[in-house]
Every structure is written in structure tokens, then in C-alpha cells.
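**Student:** This is the structure I want to talk about, given as C-alpha cells.
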Amino acid sequence: MGKTLTEKILLKHIIEESPEKGKEVGIKIDQTLTQDATGTMAYLQFEAMKVSKVKTELSVSYVDHNTVQIGFENADDHKYLQSVAAKYGIIYSRAGNGICHQVHLERFGKPGKTLLGSDSHTPTGGGIGMIAIGAGGLDVAVAMAGGPFYLSYPKVIKIHLTGKLEKWVSAKDVILKVLEIFSTKGNVGCVFEYGGPGVKTLSVPERATITNMGAECGVTTSIFPSDEVTKEFLKAQGREKDWVELTADENANYDRVVEINLSDIEPLTATPHSPGNISKIKDLKGIKVDQVCLGSCTNSSYKDFMTVAKILKGQVAHPNVSFVVAPGSKQVLENITKDDGLINLFSAGARIAESACGFCIGNSQSPKNEAVSLRTSNRNFLGRSGTKSANVYLVSPEAAAAAVITGEITDPRDLEKKGIKYPKVEMPAKFHIDDSMFIFPKDVKGKVEIYRGPNIGDPPSADPLKDTISGEVTIKVGDKITTDHIIPAGSKMKYRSNVPKYSEFLFEVVDPTFHDRAEKIKQMGKDNIIVGGLSYGQGSSREHAALCPMYMGVKAVIAKSLERIHNANLINFGIIPLIFKNEKDYDGIDQGDNLEIPNIKKALKNNEKIVVINKTKGSNFEVEYKLSDRQKNVLLAGGTLAYMKGK
């Protein structure tokens, strides 16, 4: 039997255990990336490992999240990141150089390589034929130190593409269609592998849009073949030598095959407040729009921006629309400027934002109260924009341009009635390239001192697992609780290096009284326990959604199901992830109930069942755990840092 593309790459990188679907394997990581919101803690953890240099082929530290610097904290963190990069052999991408995923695709991504990033949208690299995986910062730190990255050997789902996209329909509509088919839950432990004759009709930036937002389905990663289209993109980047052809065998065996005819797709949108709420744009026509934001790591390529620039040529933004654009990289900005795209956008009334994550993470451009905001980004969780009452719709660049002109949600195909023709945008044969905003380790001279501002503290550590967990259900939440719900992004991200301070904002969107309640329980010497519904911890890779609860004395999370990255982060920080054996037992628990989980160390060591006693209700229920032997040992030690020190 032939091999899938996923198998071909993974099998060359497995260094621990044997490939068996659903079982844990350790793989060698070739490249890593971090961004400044997750990077500070990742490098503090890396420093704690006492390694003299990074052990990867290439590691890059990007500054792209906390670039709106109100207060000293962000600037201090950036100085810390720059000094760490210089000392340990890491490339440093300065603020203004662009969003990590867009820049990495342009300058460093290589087909056939493994990439691990401390950001959930790292699978963007799959658009260029990489196994690119998002993870918590501690996992990335371990990889930089030369350790394996552990994952469940995945099932591979083939998405077989046929046909060709019609005018006014784009790659964003493709991934929204995929989300309509698969939803945002139930896909843990899977990889989406794209194939079929439709693949060759999609450029690398279009493929990257699709793999980027595959993260919203909860899959481990998504990947496209490396073909002649890939070769042309790398050639235009001056990196043709990095190209290798990579495809699945014709007789490869997949766990599931889903057919999508690109010709049948029409303009779609994700409605509030989940990327999985998919509707046809034509069914929402006429909804008034207050804001349109173009950019983010999903749709900020040269092709995206030039398409919108040509649609808007000679147009002016509707008087009721605030129009914001954030090119994905310095390279994109320079190339659209050279080709007259920027002047078209500027003339149309665009507000030019930094080449950074900005509006996508709620770090700028929060819309007005109860606004309708159309965004080309990948997430529209409640409150993520910085305005809790806002309704955010995720759309393609074409649909964004249509709303700029009309002031309402508009099927972009209707622009033809206004005499606006769909523009043809060709990818440049050669991009204008300027790498001057990278600081390469070889260019750093002399001894390097690590800079530590007052906002930076040591990474807190967990205690070894106790024999009995006994405490209170500090919070009970419903389905699809994201890491944004657990710990916010936006203006609070500047405290990510200061865990005690950042912990004050836990569950702020859901229940702002959580912190004080958890602190009281902790001071009483009792454990905090979180109870969740389906798909708990979906969304961002931010490990602070586990690190801050650990700091606040959370010892266990009991949920109907857990998403991959958050599950791994809980284990990394010594919090045991448990799954209701019978989902109906969730209904029998209330916030404030006193729970006891006895003999948990013995149960883990001997692979015995775990029973939770509800002392308030006088009842008990069984929970399950899906842990490898390594993960059990990590939990017993009190987290990954303690486990590694023990080794």
C-alpha cells in the first residue's frame, strides 16, 4: 500500500516509538517559530533547561502580536526576546517585519520539513508542503533544546479537490466550506491532506489560507503537496533551491476521503460567535456593516491585497464603514506599493495599520458598541475583537471589498451589477525582497547579556501530583469554551511575562469573579477544579490558559472533550485532564460542589479507573484519561519542566 504525504514526512522524523494511529510518537523538529505574546514564556522555559544553543536547523523569534505599546511592558519583552535570540542562535524578526506565519512562508518554509510554532496557526506552513504544527510554548522550548515533540500518530483525511474556483470566490470560501463539513469539534488526532486535480489551480498563498484556518477544525495540521506551483512561489522568493517535489502515492490509503468541487463553492461567511457557524453571504445580504478589517495571517498576502486594491480602484469606502488594512508582512506592503495597490487602498479611505496581528487578536481597532464587523481573520469568538457586544463575521477579501463599497453585507458577485469586474491578479515572477528587518545570530558581535525588565518573572512550577485531589468546582462552563474565554488576548497580553498579574483575568469573558473565588479556595488549602463541556480549550495555542490556572491552584479539568493543544498544555503544567465516561454526569455537577478524586497517583501508575466523589451531592461518577506512559510520568512529576529535570 502506498503512503500519504503526511506519512512520508512523519516517518522520516519519528525518533521515539512506532507509528500506530492514536498512539503517541516523538518526532524530530527541524524548525521552530515563536511570536512575542507566547515567546517570552517559551524562552524563559528554554533558559531553565540550561542549553547553550538551539538544536534545530532553524528557529525564528517574531515580534508581531504586542506591537501597540501602551506602557513599558511590551517594549521590555521585545528587548528580552532580542537578547535571548542573539545569545542562543535564533533569528530575530523585528516589529514591523510582519506576521510570523506570512513571513515564515515567504522566507523560511521548506517542503518536507517539520515546523513547530507557539501559535495555533502554524499549520499555515502546510501550504508549502510542511508538517507544521501549533503547540504550547513549553513544547516549542523542548524542541529548541533538541527534544522530541510528542503527538498522537494521526488519522489522515484526504480532501479531494476538483474543478476551479469561480470569479468572486476565493480560498477563504474553501476553508469555510471545510468548516461547514467538519465543524470546530470532533477532529482531534487528524490531519487534512489536500489532493486532486483542483490543487494545481490554487496558488501557495491560497493554499496557506486553507491550511491556516484548518486550525479552527481542531486538526493536528493540514498539508498540500509540493508541486510546480510551490516551485514557482519559492523561485519568486529567491529560494528555488529549497524546493523538493512531494506528493502522496496514487494508491495511498486514507482514513476518510471527502470530495469538494471548487466550481460549486459560493461566497460564505462565519457568523458570530464561532468559525463553525457557516452561512451563504447571499442569505445575509443587507445587514448594515460598521467596520471592515482586511489582513491577519489568514488573508494578508500579496494576492489578497492586490485583489481588494483593484476592486476598490476609483471607489470610496461607504460613509458608515471604518476600513482598516494590515498587510501581512513588510514584503507584502513593499510589493503592493510598487504595483500601485497601496495608493488604491489609501484613496478608498483605508486606514493603514501595522504589518502585525493587531485587530485579529483584539489588540487594536476594536469596533463600536454592538457593531457589525467584517474581518478576513480566522476567529470571531465572543469578545475577541475587544468589544464584547460586537458581531464579527469572517469573510473573504472579495466579500470584505464588497462591504466597503456598499456599507452592508453583500455577495461580491453582485458587484458585477455595479460595473465592477473581477480583477485578475497574477503572482509576481519575482518578489521585491528585503531581509533587513531580520537580525541573524551571525551578525551579533561580542558577549550578549540577557535583558530582563520588571514585567518578566521566572516561569512558575507545579507541585508533584498529590495522592488525592480535593477541592471545589470553581467554575462550570458549557461547550466550545476557547482559550480566549479562559484567558484573554488583546490589551491584557502585555502581562504574559507576569503570570501572577495575568492570572487576575482568568475567565474574564465568562465570569470575571473567577479569580477572587479561586484565590480564596487556594488560600484555604483546597484545590480548584474546572468542569467543562464539549471541545474545551479550542482556539489559540496560548499555554497561559493552562499556566495561569496552574498558578491559581487548579489541579484537574473534567470535560466532555478536550482539544489537542490545550490538553497537552494542561499536562505540561501538571493539571490532569479527565473526560466524563458518561456525558450525563456533567449535568449532575454544579459550580461550588466539593469534589474528591482519591488514589489518583496509584490509579495512573497502575492504569486503574478513576472515580470522582461529589461530596456535596453524595454521588460519584467515573472519568477516563487518555494518557501515554510519558504523559503520566509528566503529571506525576508536576509538569514537563520538573520531569525533564528529573531525567
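Nothing in this text is a laboratory measurement; each read-out follows from the coordinates by a stated rule. All of these numbers come straight from a predicted model, not from anything done at the bench. Counting neighbours? That spans all protein chains shown, and the Cβs are built from the backbone with ideal geometry, glycine included.
**Student:** Under the 0.36 nm per residue contour assumption, what length would be gained going from the current alpha-carbon distance of Glu426 and Arg351 to full extension?
**Tutor:** Extra length from Glu426 to Arg351 when fully extended: 24.5 nm.
**Student:** Starting from the Cα coordinates of the stretch 154-228, work out the convex hull volume and express it per residue in Å³.
**Tutor:** Measuring per residue, one finds 82 Å³ for the Cα hull of the stretch 154-228.
**Student:** Let me ask something additional. Once fully extended, how much extra length lies between Lys280 and Asp435, figured as 0.36 nm per residue of separation less the alpha-carbon to alpha-carbon distance?
**Tutor:** Length gained, Lys280 through Asp435: 51.7 nm.
**Student:** Over the chain, calculate the relative contact order: mean separation of alpha carbon pairs under 8 Å at least 6 apart, over the residue count, as a percent.
**Tutor:** This gives 14 percent for the chain.
**Student:** With contacts defined as alpha carbon pairs under 8 Å and 6 or more residues apart, what's the relative contact order of the stretch 117-179 in percent?
**Tutor:** That works out to 21 percent.
**Student:** Past 26 Å, Cα to Cα: identify those pairs from Lys601/Lys645; Lys55/Lys241; Lys55/Lys480; Lys602/Lys647; Lys476/Lys626, in the order given.
**Tutor:** Lys55/Lys480
**Student:** Quick one: which of Lys185/Lys285; Lys285/Lys330; Lys113/Lys164 span more than 31 angstrom between C-alpha atoms?
**Tutor:** Over 31 Å apart, Cα to Cα: Lys285/Lys330.
**Student:** Same structure, new question: Which aspartates and glutamates, if any, have their Cα less than 16 Å from the Cα of Lys520, not counting same-chain residues under 8 positions apart?
**Tutor:** Hits, sequence-local ones excluded: Glu472, Glu504, Asp511, Asp593.
**Student:** Please go through the residue pairs Lys23/Lys177; Lys310/Lys421; Lys447/Lys494; Lys8/Lys158 and name each one whose alpha carbons sit more than 20 Å apart in this structure.
**Tutor:** Pairs exceeding 20 Å: Lys23/Lys177; Lys447/Lys494.
**Student:** Another question about this same structure. How large are Rg and Dmax for the chain when calculated on the C-alpha trace, in angstrom?
**Tutor:** In order Rg, Dmax, the Cα atoms of the chain give 23.7, 72 Å.
**Student:** Out of the stretch 215-258, which GluC sites (Glu not before Pro) are coil in DSSP terms and have no more than 12 other C-beta atoms within 10 Å?
**Tutor:** Passing both the DSSP loop test and the Cβ count: Glu250.
**Student:** Here's a follow-up. Quick one: dipole size for the chain, taken about the Cα centre, charges +1 on Lys/Arg Cβ and -1 on Asp/Glu Cβ, in debye to the nearest 20.
**Tutor:** 640
**Student:** Follow-up. Would you please name the GluC sites (Glu not before Pro) within the stretch 578-647 that are DSSP coil residues with at most 13 other C-beta atoms within 10 Å of their C-beta?
**Tutor:** Glu608
**Student:** Using only the alpha carbons of the stretch 5-264, what is the convex hull's orientation-averaged projected area in square nanometres?
**Tutor:** That works out to 14.3 nm².
**Student:** How large, in Å, is the stretch 347-427 by the Kirkwood hydrodynamic radius built from its alpha-carbon pairs?
**Tutor:** 14.0
**Student:** Still on this structure, I have one more. What percent antiparallel are the DSSP beta bridges of the chain, to the nearest 5?
**Tutor:** Given both bridge residues lie in the chain, the antiparallel proportion sits at roughly 30 percent.
**Student:** Let me ask something else about it. For the stretch 535-647, with equal point scatterers placed on the C-alpha atoms only and solvent neglected, what are the log10 I(q)/I(0) values from the Debye formula at q = 0.12 1/Å, to two decimals?
**Tutor:** The computed values of log10 I(q)/I(0) come out as -0.42.
**Student:** Averaged over all directions, how much area does the convex hull of the C-alpha atoms of the stretch 268-418 cover when projected, in nm²?
**Tutor:** Projected area, direction-averaged: 7.6 nm².
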